[in-house]
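Written below as structure tokens is the structure these notes are about.
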Amino acid sequence: MLSSSSRRTVALLVLGVVMAAIFAADTLTDYAVAAACFYAAVILAASRVLSGRGLVRLAALCIGLTGLSFFLTRFGTYRIGLVNSAIGMLVIGITTWLALKMEAAKAAVQDAQARLLRVARASTVGELTTSIAHEVNQPLAAIASSAEASQRWLAQDPPNVDKARQTLARILADAHRASDVIARVRGLTRGAVPERQGFDLNQALLEMLALSHSELEQHAVTLSTQLDDALPPVFGDRVQVQQVIGNLILNAVDAMADVPAGSRRLVLRSWRASPTRVAMSVRDHGSGLPLDAPERVFDAFWTTKSGGLGLGLSLSRSILEAHDGQIRAEPVADGGACFVFELPIDGGGPHG
């Protein structure tokens, strides 16, 4: 597979050949043939591989070639050729202006999506604050308890060094637990450029469950996992995919808020959906999906939560589609909803 720089070089070479063909056609045909207008297609194609400054230079080159072709042409009426050349130059200029405007609009949309993604991450972490505090407090409390025990062992006469050493080992293990929780939270809130690589989807899910443990416990949700241990690594940005998983888990908890405590069940599954794709599902036993249009839940700003923004599932779909993945919502006959998403395996699809 060609690298991005190699693909860019090949694209520019192809555009150069096309420009040469247009120049030849414009020069060797009658003045009445406005072949220069085809440079507009070159400008539009080049807008995908050139920066704004490069696009302006290319447009200037196309206009120059149009003028040169006009002076070299020897067939037809001179006045018609002059008008057609002027029209061709005008088309090139207008196309370049529109291409620059489209690229600016695309950049603005990407920036807005990045901002919304950071908002969603912050929102997810905010909803998990209680869970995170609980997860950090547990190892901290264990550290304090072990430290007191160690002091007692060492205060004996003679000091019980073996017992003290064991409690110190527990302190070290609990300190690592607290550090791991903090590292996961920092990963969720970082605003860095996406880093796509192969990673273990099951492990990414288990890390999110560790952060969501207290949330599930607080709402009396019974958790069941059915994970395929033989899954190949998937390709993508681990933190962004964890954002999707965390959002689906929190949505499932919210959907079961009005369900009796004993019936709040959350089932998480992973499996190989095809030779090139891995799937994961989040199935709740909550209020279910809109019967008329289940896919409506992915519309931006559509929500059933009283204080929700309606961005979580919309952003989740955008993230997965950017990873060459997909997500769908499936109603469940005995109540609740099931969200299924798929991702390409590492090496199993385009990584562009």
Checked ARG57, ARG48 against criteria (closer than 19 Å to ARG8 by Cα and at pLDDT 85 or above); the one match is ARG57
task = Test MET89 against the criterion of being touching a helix residue (DSSP H, G or I) at 6+ places or on another chain (Cβ under 6 Å) and open to solvent by 60 Å² or more (accessible area, probe 1.4 Å), and give yes or no.
result = yes
When region 247-270 is checked residue by residue, the ones that are under 18 Å from the mean Cα position of the chain (by Cα) and either modelled with pLDDT under 85 or farther than 23 Å from ALA204 by Cα (or both) are ASN247
Scanning region 241-290 residue by residue, the ones that are open to solvent by 20 Å² or more (accessible area, probe 1.4 Å) and either free of Cβ contacts under 8 Å to residues at least 40 places away in the same chain or touching a strand residue (DSSP E or B) at 6+ places or on another chain (Cβ under 9 Å) (or both) total 25
Only one of PHE75, PHE71 is in a helix (DSSP H, G or I) and aromatic (Phe, Trp, Tyr), namely PHE71
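Given the criteria surrounded by 15 or more Cβ atoms within 10 Å (Cβ to Cβ), closer than 14 Å to TRP97 by Cα and either of a type outside the set (A, V, I, L, M, F, W, C) or in contact with a strand residue (DSSP E or B) (Cβ under 9 Å, 6 or more places away or on another chain) (or both), does SER69 qualify? Break it down stepwise before answering.
On the way: surrounded by 15 or more Cβ atoms within 10 Å (Cβ to Cβ): yes; closer than 14 Å to TRP97 by Cα: no; either of a type outside the set (A, V, I, L, M, F, W, C) or in contact with a strand residue (DSSP E or B) (Cβ under 9 Å, 6 or more places away or on another chain) (or both): yes.
When the stated conditions are applied, SER69 does not pass them.
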The correct count of residues that are modelled with pLDDT of 85 or more, open to solvent by 20 Å² or more (accessible area, probe 1.4 Å) and of a type outside the set (Asp, Glu) in region 302-326 is 1
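Residue-by-condition table, conditions (1) without any contact (Cβ under 8 Å) to a residue 40 or more places away in the chain; (2) part of a loop (DSSP other than H, G, I, E, B); (3) aliphatic (A, V, I, L, M):
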site: ALA21; (1), (2), (3): yes, no, yes
site: ASP26; (1), (2), (3): no, no, no
site: PHE38; (1), (2), (3): yes, no, no
site: LEU44; (1), (2), (3): no, no, yes
site: ARG48; (1), (2), (3): yes, yes, no
site: GLY54; (1), (2), (3): yes, no, no
site: ARG57; (1), (2), (3): yes, no, no
site: LEU65; (1), (2), (3): no, no, yes
By my count, strands (runs of 3 or more DSSP E) wholly in region 130-240 with at least 1 residues that are closer than 26 Å to GLY262 by Cα and either open to solvent by less than 20 Å² (accessible area, probe 1.4 Å) or at pLDDT 80 or above (or both) are 222-226
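The values are calculated or read from the model by the stated rules, or taken from the named source; none is laboratory data. Predicted model, so just to flag it, every value in this text is computed and none were measured. Note that each Cβ is placed from the backbone with ideal geometry, even for glycine, and that neighbours are counted across all protein chains shown. All accessible areas refer to the heavy atoms of the entire protein, side chains included, with ligands and DNA or RNA removed. Shrake-Rupley method; radii C 1.70, N 1.55, O 1.52, S 1.80 Å.
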